[in-house]
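The values are calculated or read from the model by the stated rules, or taken from the named source; none is laboratory data. The structure displayed is predicted, hence computed values, not measured ones. Cβ placement follows ideal geometry from the backbone for every residue including glycine, while neighbour counts extend to all protein chains displayed. Surface accessibility is based on the protein's heavy atoms, side chains included, excluding ligands, DNA and RNA. Shrake-Rupley method; radii C 1.70, N 1.55, O 1.52, S 1.80 Å.
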Amino acid sequence: MNKKVEDAINKQINAEIYSAYLYLAMAAYFDSEGLAGFSNWMQIQAQEEMAHSMKFYRWVFERGGKVELEAIDKPNGEYGSSLEVFEEVLKHEQEVTGLINGLYELAIEEKDYAFQSMLKWYIDEQVEEEGNAQQIIDQVKLAGDKGPGLFMLDKEFASRTFVDETQEKAE
Ligand code: OFO
């Protein structure tokens, strides 16, 4: 496997696991606020991020490369409101989109056509991730930070379940 591509994927495995860790920290914030539905949404999000990292992990082995795991940074666990959390989610996902785009540029530079094709799944996924965060920001703004609106959203988010889309969609 091309060494530059292998190193970049190993970094991305770390970034995806960091995302999982960040969303788990956000889940813990929501639990500390008594918002179990919001916490559930974030726990599912953390599972999705682990699945994203595992898709890269499987790819490295499929292409005969070596997975090297690095330390995971400590995420911020302090937030002032639900709105602040989701604004942070959107900002984070925009950064991840930048990382995925960077990988795609590398795949072009290195003429790794198979990797370019595989990355299309992540490019589409990032559109969805940013869209979801933006939608929730709008909903939380409408609901207000306390009161019945937020309670209704909390109930709605309690029903989110995990579906491993990395296994469902064609690779
Ligand atoms: Fe892995 O998509 Fe979010 O970070």
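Every residue, every condition in (1) in contact with a helix residue (DSSP H, G or I) (Cβ under 9 Å, 6 or more places away or on another chain); (2) farther than 25 Å from Val163 by Cβ; (3) buried (at least 20 other Cβ atoms within 10 Å of the Cβ), yes or no:
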position: Asn10; (1), (2), (3): yes, yes, no
position: Asn14; (1), (2), (3): yes, no, no
position: Ala36; (1), (2), (3): yes, no, no
position: His52; (1), (2), (3): yes, no, yes
position: Val60; (1), (2), (3): yes, no, no
position: Glu68; (1), (2), (3): yes, yes, no
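For the range 117-144, taking the residues that are more than 16 Å from the ligand (Cβ to nearest atom), part of a helix (DSSP H, G or I) and open to solvent by less than 30 Å² (accessible area, probe 1.4 Å), the one that is farthest from His52 (Cα to Cα) is identified as Ala143.
Residues that are open to solvent by 20 Å² or more (accessible area, probe 1.4 Å), modelled with pLDDT of 95 or more and within 13 Å of the chain's Cα centre (by Cα) are absent from the range 79-86.
For beta carbons closer than 6 Å, sequence separation of 6+ or different chains, a first residue in the range 112-133 that is within 27 Å of Ser82 (Cβ to Cβ) and a second that is open to solvent by less than 40 Å² (accessible area, probe 1.4 Å) and polar (S, T, N, Q), the qualifying pairs are Gln126/Thr97. Here Ile72 does not qualify as within 14 Å of the ligand (Cβ to nearest atom) and outside any loop (DSSP other than H, G, I, E, B).
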